[in-house]
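Chemist: Input: one structure, supplied below.
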Amino acid sequence: MLSEHIMLFWLIIAVVVVAVTMTSADHINKYGRQVLLDLLPQMDTLPPTTQGTIRKLNELINDQDDLGNKISMKKNNRKRGRRGGVRAKLRRRGIKTPLPAVMFGNVQSVRNKMDELAANFKYLRDFRESGFISLTETWLQEKDLDETVNIDGFSLVRGDRKDIVKQRGGGVAVYINERWCKQVNVKERLCCNDLEYLVITCRPFYLPPCSRSGIEAPCLLTV
């Protein structure tokens, strides 16, 4: 159907050119729609060179249409359901993020959760790529050894509850990713009836490109 319209178009052009060359300026033949449609079957009577030219023009127009379709398809070549955006880009950067990834949890006895934590660190990327993980209600005491609650690739800093406050519950701990930071200093620990906290400072290996050395350098030297 499309090719018939194209051939009709070029037939109209040919008729107009012939009419202009064969008639004077004050006398021009006028063709209606039906007359042009009646001329369509007579395309076979045109000279072979003219028919070949019309076919080449038809192929050229079709090729341009195909090229336009391919270009439009390339613009929408992203598959549906593919993840994108800020979160996906940050995950691809791994440990080198502008801000450290932080995980927080209330574990209520970290000793009973070691198998679950180890599985999370092994199989879940969010855990494995975290800068540090802060846990509350660890229920650890001084008699509990670090070896029983250590996780490969992470440094442990503990703030256990003292027996003089309460005998059970409480306690905080921080696991620091050794790929993110190895220089960790404990600034302060506090355990009282109303409050428990642990203050640490970390000096990571990586500084984002957007950081300004004139500001960060003095801060790092004081750590």
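Chemist: Just the residues that are among the basic types (Lys, Arg) and free of Cβ contacts under 8 Å to residues at least 60 places away in the same chain, please, taken from region 126-180.
Modeler: Selection gives Arg128, Lys143, Arg158, Arg161, Lys162, Lys166, Arg168.
Chemist: Can you work out which of the residues in region 150-182 that are modelled with pLDDT under 85 and either among the hydrophobic types (A, V, I, L, M, F, W, C) or not in a loop (DSSP other than H, G, I, E, B) (or both) is farthest from Met103 (Cα to Cα)?
Modeler: Here the answer is Ile164.
Chemist: Would region 183-199 turn up any residue that is of a type in the set (Phe, Trp, Tyr), in the same structural domain as Glu137 (by TED's automatic domain parsing) and either over 19 Å from Glu129 (Cβ atoms) or modelled with pLDDT under 90 (or both)? Spell out how you get there, then give the answer.
Modeler: So in region 183-199, the residues of a type in the set (Phe, Trp, Tyr) come out as 197.
Subsequent filtering for residues that are in the same structural domain as Glu137 (by TED's automatic domain parsing) retains 197.
Subsequent filtering for residues that are either over 19 Å from Glu129 (Cβ atoms) or modelled with pLDDT under 90 (or both) retains 197.
The answer is yes, given that some residue of region 183-199 is of a type in the set (Phe, Trp, Tyr), in the same structural domain as Glu137 (by TED's automatic domain parsing) and either over 19 Å from Glu129 (Cβ atoms) or modelled with pLDDT under 90 (or both).
Chemist: May I pose another question? Just to be sure I understand, how many residues within region 104-160 are closer than 17 Å to Arg189 by Cβ, within 28 Å of the chain's Cα centre (by Cα) and among the hydrophobic types (A, V, I, L, M, F, W, C)?
Modeler: Residues meeting the conditions: 1.
This table checks each residue for (1) modelled with pLDDT under 85; (2) loosely packed, with under 13 Cβ neighbours inside 10 Å; (3) among the hydrophobic types (A, V, I, L, M, F, W, C).
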{"site": "Lys75", "(1), (2), (3)": "yes, yes, no"}
{"site": "Pro98", "(1), (2), (3)": "yes, yes, no"}
{"site": "Ala119", "(1), (2), (3)": "no, yes, yes"}
{"site": "Leu124", "(1), (2), (3)": "no, yes, yes"}
{"site": "Asp144", "(1), (2), (3)": "no, no, no"}
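The values are calculated or read from the model by the stated rules, or taken from the named source; none is laboratory data. No experiment lies behind these values; they were computed from the predicted model shown. Note that we place each Cβ from the backbone using ideal geometry, even for glycine, and neighbour counts take in every protein chain shown.
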